[in-house]
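Please read the structure below before turning to the comments.
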Amino acid sequence: MRIALLRSLDQYLLLTAALLTTTHAQFPGTTGNIICPAANLTTYTSIYTRQVFNITCGSDSSNDNTVNTVQSTSFQACVEACTTTPQCVDVSFVGTTGSGTCYMKYPATGTFLANPSIQRAAYWYTLPNYSCPNDNGAVYNLRNGANATVECFTDHAGGDAAMTITSTLEACITTCANTAGCVDISYAPGSGGLCYLKNTLAPGVTNYGVWGARMLTQAASGGGAFTASCPEANGTVVSDVNGATWTIECGLDRAGNDFEQLYLNS
């Protein structure tokens with residue numbers, strides 16, 4: 001009887017997903033590197049799209065409806081490639097970290113096949129858009145290398161460089177990431193989606209009508225000057241026009257080894 005009920009891992013995952021449809025309670029999961037076999041029967045959440053995938057190590061699907069095949073540097077990279085490939089809902093990765101082949105498939109069906117040389121990830125569902133207070137402190141990643149941390153109900157008053165209207169907090173952050181000199185946003189969801197782009201980072205004040213986000217890393221191609229104040233900008237990572245990254249360390253001096261002195265206004 002047990003064999004008949006659990007004749008395939010696919011059936012087990014589909015049954016589990018059906019039972020959890022209303023709440024989307026997750027298996028233990030990660031947003032980082034997917035390391036098999038430790039990641040077996042966990043979930044992976046895309047760092048860009050919030051799509052959630054079920055991970056099964058040492059398995060493949062009999063579904064041969066491959067929509068694309070690419071070379072990937074890791075299992076994680078394979079899954080992330082799937083999130084940008086039309087129709088892809090299932091991947092099989094063959095290889096190791098550093099080099100491998102990523103088979104993207106549609107749909108996520110077929111008979112379960114045990115294969116120790118293959119790692120599989122099947123799309124489950126997509127998390128809702130970022131919102132407050134649920135995602136306070138979360139890091140939103142963009143594919144251009146920029147990212148920002150969500151600061152719920154925090155407004156860094158002043159420094160408004162521009163204002164636009166966006167439908168989501170993510171869209172407001174993306175607009176900032178693509179705007180030279182933008183270091184912070186204040187998003188007002190209750191005011192029709194007003195998105196304020198800021199070019200300075202003043203001390204934060206509590207404002208329950210604002211969903212804030214502070215840029216942590218700006219894309220190397222973003223250009224523009226970065227203006228910030230301490231201690232609010234402590235730990236912020238910025239990229240210069242040459243692509244080098246710098247971490248702001250407020251109130252810290254690495255004494256000695258001075259080789260030049262310059263006078264600058266910021």
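No lab work stands behind these numbers, since they all come straight from the coordinates. Owing to the predicted nature of the structure, the values given are computational and were not obtained by experimental measurement. Every residue, glycine as well, gets a Cβ built from its backbone with ideal geometry; the counts of neighbours run over all protein chains shown.
So what's the gap between the Cα centers of region 186-201 and region 47-91, to the nearest angstrom? Centre-to-centre distance over Cα atoms comes out at 35 Å. Tally Lys and Arg at +1 and Asp and Glu at -1 over the other residues with C-beta under 15 Å from the C-beta of Trp211: what net charge comes out? Net of charged neighbours comes to -3. Between Asp258 and Thr101, the contour length at 0.36 nm per residue exceeds the alpha carbon distance by 51.6 nm.
With one equal scatterer per alpha carbon and no solvent term, the Debye-computed log10 I(q)/I(0) for region 65-216 at 0.12, 0.18, 0.21 1/Å reads -0.63, -0.93, -1.12.
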